[in-house]
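The values are calculated or read from the model by the stated rules, or taken from the named source; none is laboratory data. Fair warning: this is a prediction, and the values are worked out from it, not measured in the lab. Using ideal geometry, Cβ is built from the backbone for each residue, glycine included, and neighbour counts are taken over all protein chains shown. For accessibility, only protein heavy atoms count, side chains too; no ligands or nucleic acids. Shrake-Rupley method; radii C 1.70, N 1.55, O 1.52, S 1.80 Å.
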Amino acid sequence: MAEAHQAVAFQFTITPEGIDLRLSYQALSQIYLSGLRSWKKRISRMRNRVIKGVYPASPSSWLFVVIAILATMYMRSDPSMGLIAKIQEHLPGQTMLSVLVFSTLLWLSLILTLRFCLKLLLSYHRWMFEQHGHISTTTKVWVTLVRLLSGRKPLLYSYQTSLPCLPVPPIKDTLERYLESVRPLLSGPGFQRMTVLAAQFENSLGNRLQRYLKLKALWATNYVSDWWEEYIYLRGRGPIMVNSNYYGMDFLYVTPTPIQAARAGNTITALLLYRRKVNSEQLTPSRVPGTVIPLCAAQCERMFNTTRTPGEETDVLQHWQDSEFVAVYHRGRYFRLWVYKAGRLLSPREIEYQIQRILDDPSPPGPGEDRLGALTAGDRVPWCAVRKQHFSSGVNKRSLDCIERAAFFVTLDDEEQGMMGEDPVGNLDRYAKSLLHGKCYDRWFDKSFSVVVYKNGKNGLNAEHSWADAPTVAHLWEFTLATDAFQLGYTEDGHCKGEVERSLPPPQRLTWDIPVEVQEQVSISLSVAQALADDVDCHVFPFRDFGKGRIKKLKISPDAFIQLALQLAYYRDRKTFCLTYEASMTRLFREGRTETVRSCSNEGCAFVKAKMTLPQSSAVQSLRLFRLAAEKHQNLYRLAMTGSGIDRHLFCLYVVSKYLGVESPFLTEVLSEPWRLSTSQTPVQQLELFDMKNHPDFISLGGGFGPVADDGYGVSYIIVGEDMINYHVSCKHSFSETDSHRFGAQISRALLDLLSVLTPAKSENSQAQDKKQQ
């Protein structure tokens, strides 16, 4: 909009009488207000930099230090022990200025000391290993000190410089934990062979690689995150659709409005309000649930105005400071929708009005335009070549820039989705597949996230994985759903609230010049993506028999309970155990991302085998094994969170070996092991936004992802409230031995069986099922 106004803000013509200058005061006013908004944002950023720079102190504390120094000098005492006099030698006759210089230096020294103390305090992790209800005196003192040093209301990024760096574990400890994790998966000779390989690695190449890694840890903020982002995500040359991107769903039972444009209006507004909170850093820093311990917020920096651009060998993440528009796709056409006018965010009703204009636009797609998005769904190298040759100049570059520089991408889908109709189970599965890959060309999979709004008012999102992990996107989506339903709301007839300025210019249709060779590559990319999408088998189901409340009453960690149920379900499904991946966060450390919890443990396998041999094994024996397995899982999770995991350390050692040009048979074998069961919990982080007591139907479905291994399962779950667990199961049709519906049924059965283990009496129905299994 600002570009259009600049073009017509003034015009002039040369006449015999002179120059006739005509000004558009309305256009100039809007340009002025838009610029004013930009300057306000710059000033806000400068202010926040100052506040963050002095945290955990405050800017006003400088005045307190100055007054204290002046007061002591008034009492004829020298708190500087002669330093003020030394400063005054260089500033003759400037006593007050010397005092100010000394006070400022003292203030900065105090800030650095406080920050160092806070960093030391946040490096203490023993509290995580203490039993619930049995807190040591050391931990109690530690909590008090953390509260004192972080008592002032922090900004989003205030804690960043106080977070400790991720430590490099001793190589001996990592190898011991690795061998322990693969013991239940290998035969006797196989385990002996891996033990020999690990010993050879530790005694030869391992220590050399470890020294390089420690050197990087001293120099870099985080010794894992940059390599993890590049080598795990950005260097992948296959499709990111399904293989990397993941999705988030709408409410399960409720659709706030059936009007597509209205739902889009509120959703876009809520997302932009969240962006405003991120930019102004007014978003409350995330913490470990139930504690005062902060988590790293670095992943929020690239949430908006970000895209992944393809390269020949590696992709690149591009981020822009700001964007005043979103990109919209509808029925094969692309639009640029300005969401600000004269520096003012459009109201939800105005955005709805603009979206309705797009929906009502009868113009057809241009040649090759309708399926252009398939380029982002196919292989990366062809997309890079096409982008470089045909989208680096002219009208195609301008239109592509509009998509890539947009705050985010919006798809107005012409289908209806959700748990509805005569086949709610099947419709829920189709809803998941739609969000995961859509039609393979109606999403822009390179954007940091794409919002999908369906014809019946349902919505969801598809997120690119390289810039952030699921909890960061889940936090954004929780805010969006809650703001949409409870803060913005709708009128009685389902429209957004607010007034509409009818003079708003219409959304700008993007134009393209797509030659035949590009259309041919679009068709190739689409066929690759379509084959991948058709192969994915998704099943989404809510488990309602019991939830977190019942599990916690039995004094068991809900996550450990669910993970052991997954082990039992997989063993029943495939008659074997497998290497199991559970994502754990390492955001206790600066720029931390994830670590792997190897959930298939010796203790877990012992319990599953005992469960499968019931009633030969006693119920007491089974309960004892279960509690041992649950405690082991909790310990593995704590180790992963506190920087003592296995896989990120081994991964970085492998990267160092590649840089040095040396081969390690041990590392090569470890990193080639398939994760046939990949699991992840979507945490509920902002429960205060949802009034579950008065609005119990506003339950989030969570989200899911595609299978990591061709012959395995991907399982995502979200613990909702006290009485429900939502599951998202995925696998591939091409492997005949996996079936998402069958595995979902095994999960439900396993959950009920584990509950029976923890209760005094075992149900007759469960006993009968076990006998049948035997």
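Overview of results
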| read-out | value |
| --- | --- |
| Under 19 Å from the Cα of residue 609 - lysines, other chains or at least 8 residues apart | 575, 632, 762, 771, 772 |
| Size descriptor, Kirkwood hydrodynamic radius, that averages inverse alpha-carbon separations across the chain, Å | 29.1 Å |
| Probe 1.4 Å, all protein chains present, accessible-area order of 39, 228, 383, largest first | 39, 228, 383 |
| Simple Cβ-charge dipole of the chain, Lys/Arg +1 and Asp/Glu -1, about Cα centre, in debye nearest 20 | 2700 debye |
| Helix-derived mean residue ellipticity, 222 nm - over the chain, DSSP H n ≥ 4, -39500 (n - 2.57), to 500 | -14500 deg cm²/dmol |
| Relative contact order (%) - the chain, alpha-carbon pairs under 8 angstrom, separation at least six | 16 percent |
| Dipole magnitude (debye, nearest 20) for the stretch 232-537, charges at Cβ of Lys, Arg, Asp, Glu | 860 debye |
| Rounded accessible area of residue 613 (nearest 10 Å², 1.4 Å probe) | 60 Å² |
| Residue-level accessible surface for residue 62, protein heavy atoms, 1.4 Å, Å² | 80 Å² |
| Cα gyration tensor, the stretch 238-348 - rounded (a/c under 1.5), prolate or oblate | rounded |
| Mean-position separation - Cα centroids, the stretch 456-534 and the stretch 53-80, in angstrom | 53 Å |
| Qualifying lysines (Cα of each under 22 Å from Cα of residue 458; at least 8 residues distant if same chain) | 433, 439, 447, 497 |
| Accessible surface of the chain, 1.4 Å probe, proportion on carbon and sulfur as whole % | 57 percent |
| Pairs of alpha carbons in the stretch 55-149 whose separation is greater than 24 Å (percent) | 43 percent |
| Most positive-pole-ward Cα, 199, 496, 189, against dipole of the chain from beta carbon charges | 199 |
| Å² of accessible area per residue within the stretch 232-537, as computed with a 1.4 Å probe and no ligands counted | 34 Å² |
| Span from the the stretch 542-572 Cα centroid across to the the stretch 668-745 one, whole angstrom | 13 Å |
| Shape category assigned to the stretch 444-547 from the gyration tensor of Cα positions, a/c cut at 1.5 | oblate |
| Scattering curve values for the stretch 145-264, log₁₀ I(q)/I(0), Debye with Cα scatterers, q = 0.19, 0.23 Å⁻¹ | -1.13, -1.20 |
| Amide H partners (placed H, <5 Å) of residue 594, local residues excluded | 586 |
| Over the stretch 232-537, relative contact order from alpha-carbon pairs under 8 Å, at least 6 apart, % | 33 percent |
| Spatially proximal lysines relative to residue 119 (Cα-Cα < 24 Å; intrachain offsets below 8 disregarded) | 52, 140, 153, 214, 216 |
| Residue order for 75, 585 - accessible surface, 1.4 angstrom probe, largest first | 75, 585 |
| Gap separating the Cα centres of the stretch 368-396 and the stretch 158-201, nearest whole Å | 42 Å |
